[in-house]
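Report on the following structure.
The values are calculated or read from the model by the stated rules, or taken from the named source; none is laboratory data. None of the values given here were measured: they were computed from a predicted structure. Reconstructed Cβ throughout: ideal geometry from the backbone, glycine too, with neighbour counts over all protein chains shown.
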Amino acid sequence: MDASLRRTFAIYIFAFAVFFASRPISDGDFWFHLKTGEYITQTGVIPKTDPFSSSHRGAPWIAHGWLSGLIFYVVYSKLGFNALIFIFALLAALAFWIVFKRCRSHFYISGFATLLGVWTVLPTIGVRPRVFSLLLASVYLAVLTRYARGREGARVWWLVPLMVLWVNLHGGFFIGLGLIGLVILGIPLDALASGEKLRPLWPRLRTLGFLFIACALAGLLNPYGLGMYAEALSIMRSPVYQEVVVDWLSPDFHQTDLLPLLLLMLLTIAAMALSPRRVRPSELLLFIATLYSTLKTQRNLAIFALVAVPIFAKYFQNWLESSPFRRPFMRTDPRAASWKTTTFSLALLLGLLPFAAKLRATVYAEPTQEKMTVPVKAVAYLKEKGITGTTFTNPNIWGGYLIWASPANPVYIDGRGLFREEFVKEYVKIITGTADWRGPFERYNVAIVLIKPQSLLARQLAQSADWEEIYADEMSVVFRRRI
């Protein structure tokens, strides 16, 4: 493949990555991040107590991702929702463009592996702060793996200011520290496996040790100091999050959205097993560590994809070169081109046109409540009729939308991590019917309930003489306490 065709094919891979990563705004947490950005813009203050809920107003709140919320609001206020969708698709595609450049294989294999990686992370991306973690983790991996092989020098220290940015963008900044630690372990493992002495490695290991300390200290440069670490650790250890929040559950491979993850896992394991070249211990360590973290909680699948894609591409290439199928995938003279390669590349590029048209008609179309998965119509009704008061929502991610769209209806609970564990457990018992809702509703002066029509609580409220149904549509039903 000559240089011009390689560039064309690379552009195609990036364009398809952008198209794949273009997701409608459907994350419930987006809305409270957007409201946080508006709050910071209007007050000039980063919140340290809760200004949004009714049940916990004034309670200490660590707004991890506050900088992401500010970016959300600035872009939205100037350019609208579609600009946000496009920008975050670009950021996700850039993360995998870096992965694509790390793949040491034939361009077609690298392209397939990269797009499989993008397909794998679709359930976790969109207009979300974690896209910043995806991009920064990709940068960390690229810099650290090059340094581990002796190809980087002072550039590795750029990871320190990036950590300052990361800790203010998303609570996933711990990933950066974890990656440094895994690379520190991987370097001596590679040396031992190849029979090298460890003494010459000491300068690199010492530098990485100082880098780890510098990045850990850089993580303190945020509005909450050490509290940001405490908050992240508290959420990671919380049994409520791990038992209730879908993102924190182990992956359920019966869900079609997670089949690409399963495919990437199996293909990477098969490629390593079939390759005639032995897998580097450092690569195996990264693979096993990120695989374990993904099987424990599916929100980590994005980091697994960043690690697995280059490993799959490399060892699949090694296997192909030793197989009868090797000829079309040999790494050939870059000056050599063929009409077949040209035709194939052009055909792939033409495939972008219907994809672009489909995105224009769906992802970039006028937002609807079905696409955003929040009760737009019910909230519009409350605002139109001037119906206000403490509002209980089900599921709790709708609370984020209420925070943004109807501040006059302070929420009972939402998707933020500030709510006490006992309070969240009580909420779960209410919506599952294992606890009486009357006591908590009286205690927190709940005046409005906005929930799904088919829920158990909706049936219970419909039978109560103290509550009346005032609105219903295909997504939600609204009850108001009788005066």
Check your understanding: Can you find a residue in the stretch 117-133 that is over 26 Å from L84 (Cβ atoms) and hydroxyl-bearing (S, T, Y)?
Key -> no
Exactly one of I413, I387, I403, I430 is outside the structural domain of I25 (by TED's automatic domain parsing), at pLDDT 90 or above, of a type in the set (V, I, T) and surrounded by fewer than 19 Cβ atoms within 10 Å (Cβ to Cβ), and that residue is I387
Quiz item: Is it the case that the stretch 426-434 has a residue that's polar (S, T, N, Q) and in a helix (DSSP H, G or I)?
Solution: yes
Filter the stretch 139-176 for residues that are of a type outside the set (V, I, T) and under 13 Å from A214 (Cα atoms); the one that is farthest from the chain's Cα centre (by Cα) is W157
Kindly establish whether L179 is closer than 30 Å to G37 by Cβ, under 20 Å from the mean Cα position of the chain (by Cα) and either at pLDDT below 95 or buried (at least 16 other Cβ atoms within 10 Å of the Cβ) (or both).
-> yes
Point to revise | Residue check, A458 aliphatic (A, V, I, L, M), more than 24 Å from P239 (Cα to Cα) and modelled with pLDDT under 95 | key: yes
Residues in the stretch 187-231 that are within 23 Å of the chain's Cα centre (by Cα) and either closer than 25 Å to A154 by Cβ or outside the structural domain of R277 (by TED's automatic domain parsing) (or both) total 6
Within the stretch 108-136, restricting to residues that are surrounded by fewer than 23 Cβ atoms within 10 Å (Cβ to Cβ) and over 22 Å from L34 (Cβ atoms), the one that is farthest from the chain's Cα centre (by Cα) is Y108
K452 vs (1) under 24 Å from the mean Cα position of the chain (by Cα); (2) under 30 Å from N82 (Cβ atoms): all pass except (1)
Exactly one of W437, W467 is farther than 19 Å from A408 by Cβ, over 37 Å from the mean Cα position of the chain (by Cα), surrounded by 17 or more Cβ atoms within 10 Å (Cβ to Cβ) and not assigned by TED's automatic domain parsing to the domain that holds Q242, and that one is W467
Here the residues within the stretch 365-408 that are touching a helix residue (DSSP H, G or I) at 6+ places or on another chain (Cβ under 8 Å), of a type in the set (D, E, K, R) and part of a loop (DSSP other than H, G, I, E, B) are none
The helices (runs of 4 or more DSSP H) lying wholly within the stretch 29-107 that contain at least 1 residues that are modelled with pLDDT under 95 and buried (at least 17 other Cβ atoms within 10 Å of the Cβ) are 29-43, 81-102
Within the stretch 281-308, restricting to residues that are surrounded by fewer than 19 Cβ atoms within 10 Å (Cβ to Cβ) and touching an Asp or Glu at 6+ places or on another chain (Cβ under 8 Å), the one that is modelled with the highest pLDDT is P281
Only one of W202, W248 is of a type in the set (F, W, Y) and either touching a His at 6+ places or on another chain (Cβ under 8 Å) or within 22 Å of R416 (Cα to Cα) (or both), namely W248
- Out of curiosity, is T36 out of contact with any His (no Cβ under 9 Å at 6 or more places or on another chain), among the β-branched types (V, I, T) and farther than 21 Å from V245 by Cβ? no
*Does Y241 satisfy the criteria of being part of a helix (DSSP H, G or I) and within 30 Å of R416 (Cβ to Cβ)?*
yes
Filtering the stretch 248-259 down to residues that are in contact with a Pro (Cβ under 9 Å, 6 or more places away or on another chain) and part of a helix (DSSP H, G or I) yields D257, L258
A137 passes all but one of the listed conditions (1) modelled with pLDDT of 95 or more; (2) farther than 26 Å from T256 by Cβ; (3) of a type in the set (A, V, I, L, M); the exception is number (2)
Selection over the stretch 120-146 where residues are of a type in the set (F, W, Y) and more than 22 Å from E283 (Cβ to Cβ) yields a count of 1
Quick check, is L450 closer than 21 Å to S53 by Cβ, out of contact with any Asp or Glu (no Cβ under 6 Å at 6 or more places or on another chain) and in the same structural domain as Y412 (by TED's automatic domain parsing)?
yes
